[in-house]
1. Taking θ as phi - 60°, what are the ³J(HN,Hα) couplings along segment 49-66 by the Karplus curve (6.51, -1.76, 1.60), each to the nearest whole Hz, with x for Gly and Pro?
2. Taking amide hydrogens as modeled 1.01 Å from N in the peptide plane, which residues meet the under 5 Å criterion relative to ARG164, leaving out close sequence neighbours?
3. Quick query: amide H of THR99 versus all other amide H atoms, modeled in the peptide plane; which residues come in under 5 Å with a sequence gap of 5 or more or a different chain?
4. Within segment 202-277, report the trypsin sites (Lys or Arg not before Pro) that DSSP leaves as loop and that have at most 16 other Cβ atoms within 10 Å.
5. What shape does segment 4-104 take by its C-alpha gyration tensor, where a ≥ b ≥ c are the square roots of the eigenvalues and a/c under 1.5 counts as rounded, a/b above b/c as prolate, and the rest as oblate?
Amino acid sequence: MGSHLAEFEVTRIVGQGGFGVVYEAWDPTLERVVAIKEYLPSSLSTRQGDGNVAPLSEQHRETFELGMRSFINEARLLAQFDHPSLLKVYRFWQERGTTYMVMPFYRGDTLRQALQASPGGADEAWLLRIMDGVTQALAVMHAAHCYHRDIAPDNIILLEGSGRPVVLDFGAARRVITDKTQAITVILKPGYAPVEQYAEMPDMAQGAWTDVYALAAVMHVAVSGRAPPPSVARLLADSYQPLAANEALRQRYSHALLAAIDAGLGVRPESRPQSMAELRDALGLDGGATVIRTQAAPTRMGASTGAGAAGAGTRTTMPPPASVADAGAAAPAKGKGAAIAAAVSMAVLAVAGGWWWMQGRDGDAAGAGSGTTS
């Protein structure tokens, strides 16, 4: 507390993970609270006595610098976008041997926390309001040929007061470092990652349809309380039970919503909606299917505050729906089942244990792990 990073005064640590630290800080120039994210991978680097960050050894330097370049590229990428449901980066710089990015200090709950507070399943109108903002934000990214590839309930924050969803950071540096140093099961969230993220294959390109799958998995958790089976296991022996055929869910949710989730969870890339525009159409978010209005969400009395650009703090109740407009499209991907199965069959055992563990968690409706501070 009281330390300075550039012109910003650090007021507290919001959170610390294996790949970085998020601070709350004061911007004296514009007189506002901001969040600062510091690149600090604990497995590769250390903070020295003078405050500088350095690789643990020369052996770690190449991976440390590769991750830092990815961190910088992510900051540049986020700074290009301007959408109310996309994380905004004000600026970034290099100092003390590492890199920092400055973001708005968001207050609210992650979608993971909001779903935990509603164990009986999300209200359909509330869920569609969130999907409206998230699909628009992802469509903006996709139009620039950028894909998130880490959509999960803990990577969507619902802002205090308005309930507006904001898609959090991509974790690009985390993926690059993990790719170099650890197993594939650490990189991916079982249940949310589509099969094309498990193997680099020419006929299994990642694209807008990759984020479509992950977002459909988020909706699956919201209505059923659990994540779908891991995609790589489904490819070999599909145990997925269509939501549209579930009589209990049909009593609570429209056929259009359940069918859209089922379609988005097509195990092969070409069997899903190929863009956010197609997913929005399936959800009925275009063509006047939802009413355009803005309505603030009431906040529970006595709730604690304190979520930064990468975290959560104040709990909010579920607001009524609001809708805006649509954008973006992407080209379809093609895949060959036999080739995919051969490439990923060895990954089934690696993710099966994680899936069964996820199915039994008390907080299953909340998603797979928290990545808000890394």
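All of the numbers you see were taken from the coordinates with simple rules; none came from a lab. Model, not experiment: these values are computed from the prediction. Backbone-built Cβ (ideal geometry, glycine too); neighbour counts: all protein chains shown.
1. Calculated HN-Hα couplings, in order: x, 8, x, 7, 9, 9, x, 4, 7, 4, 5, 8, 4, 4, 5, 4, 6, 4 Hz.
2. LEU159
3. Counting only residues 5 or more places away or on other chains, the set is TYR39.
4. Values: sites: ARG226, ARG234, ARG250, ARG252; in loops: ARG226.
Filter output for segment 202-277: ARG226.
5. Working: a/c = 2.18, a/b = 1.41, b/c = 1.55.
The shape class here is oblate.
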